[in-house]
Amino acid sequence: MRTAVDARTAWTEPAAEAIGATWLLAAIAPGGALGRAASERGTRRFLRGDEAEAQAAIERVDALAHEIDAARLAAMRATLAAAPDITAVLARASVGAVLGDVDFFEIGRFIAALAEIAEPLSGWFAGVHDSVYGALQMALGPGRSAGGGFYLADAFDPELANARAEANASQTAYDVARSGLLERIARYVGAESVRDGEFVLMRDHAFGPLPREIHVVRESPAYLLCDVSLDAAALDALAARDTAIARVAEREESVRARLSQAVAAAGSSLAFACEALGDFDLLAARAQFAQRHRCIVPEIADAAPVAFVDARFLPLEEALERHGRRYAPISLELEGVGVVTGPNMGGKTAALRTLGFLAACASLGVPVPAASARLPLFDEIAWLGIAARAVDDDGLLSSFGSEVVALRDFLSRELERPLVLIDEFARTTSPREGRALLVAVLETLYERGALALAATHLANVAPAGAAHFAIGGLHALPPRAGAPLELEAALRRIARAMDYSVQRVASDTAPPADAIALADALGLDPNLIARALGEIHRSSTAEET
């Protein structure tokens, strides 16, 4: 059985999916290696007591989102995504290792990205100035190619240039000596040319002793398989060439050592710049998220109530947009314990998820998708009821059993300020016992001072002093006429007739669930619908009598 709480995020595992925290973390994930390294160092989650820090972090994201337009921010994020993480290279240089050309190439790419991002945004990069990388950029400059590559150019060292010139000359001298030898052998065997390497000499073309440069590899009655050994002149030229090549390698290694020392000298500054670019990658991802989803800066409060106007649960909003449907924003104010009732498909669960999603945004220092919002920080965000099965890896528990275990684990932690979201708790047991359990849970949470919101079809479950909310519900959805609509069309018809607003009401007397009307709208067989309505009528008549 998995642990109930993710130690890094401090929301329960069922809550991560239910409130869209998993989706949120993916949406604000950095794009580059440096940003991922910064994230692995620890994405800050703000808890109760961190209100000032959380407010400042959100305002910083918002400031960047307003300073840089969307196109430029997207271009900057592409640069950050391509910027290499050179921390391992810097570590090797710091212990005296001689770096290779690929290392210098990566450092050059990093410096280019740093200059592109940091120079125009100096206010966001305190401590990162031209002096951090300017000298190294100049030192590596002779090796930069027009296409952005790196080459250990002659300009790094006059002696390197001389050594390469000598190596080229010695290579030419060797090539001339070897070619002259092959020409002499070709004349001897009566051929226009002799291939460098093994060649065939027919016996009827061999006259007298073979020249000592011809070495017989294998004999047959008709031919000799031969190769050519270098003569004295070619051997001298080869030795001179190898000596020149070794000198080139020595001078190249000397240049690499000098450049490696320059990297080591700038190592601490470059390491600081790596962290700065990584942190900025995290910030830029959040700023782009805020731009893309029209987010605002909430008030981070040190106590309840939580309140928001026209808030949106973004994973659901995106899913609806893909199907050409409009999302209905939610407004809510809650202090202590609240209960929300309403019809099926009316948005009770969406209200819980929206509250949890905004709380997750605040805990991660991210602006929230709402017109306005006031949010406290929580020690934990817990989800009870539907989806609680995530606590049972092996499938040993029923749905009800999983919910009870999740509740048991949560209550054992005795947190000072949790956010508890309860979706149809105990819905799979008998209504009488399920209601009794839900009443007991809400009373316990109320006594503990928790902030909790429960969605339920059950009536009169809230403790005294709790808030009561109701979904507006279905309006003007006449019985279906004709053949069933395609699913998308049926859902659009229901959406047009549904009032998704969350309204404060005097009590939590359960409104109609509209289950039969919704089943009809979704295309259930008309005969079955008629039987269900008849059963409703018979039950009502029996209760009246």
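Every number in this text was worked out from the coordinates using simple rules, so none of it is lab data. Only a predicted model underlies this, so the values are computations on that prediction, with no experimental measurement involved. Backbone-built Cβ (ideal geometry, glycine too); neighbour counts: all protein chains shown.
For the reader, a short list of remarks on this structure follows.
- Here the alpha carbons of the range 158-234 define both size measures, Rg and Dmax, at 16.2, 59 Å.
- The calculated FRET efficiency for the pair residue 223 and residue 165, based on their C-beta separation and a Förster distance of 56 Å, comes to about 0.80.
- Computed over the chain: relative contact order in percent, which uses C-alpha pairs under 8 Å that are six or more apart: 19 percent
- Gain in span if fully extended, residue 239 to residue 184, counting 0.36 nm per residue against the direct Cα distance: 17.7 nm
- Total formal charge among the other residues, if their Cβ is under 11 angstrom from that of residue 358, Lys/Arg +1 and Asp/Glu -1: +3
- DSSP bridge analysis restricted to the chain gives an antiparallel fraction near 50%, rounded to the nearest 5.
- Cα principal axis extents for the range 296-512, largest first, Å: 55, 44, 40
- Helical runs assigned H by DSSP (4 residues or longer) give the chain a calculated mean residue ellipticity at 222 nm of -16500 deg cm²/dmol, each run adding -39500 (n - 2.57) before division by the residue total.
- Overall shape of the chain was characterised from the C-alpha gyration tensor. The equivalent ellipsoid obtained from it has semi-axes of 76, 32, 21 Å, in decreasing order.
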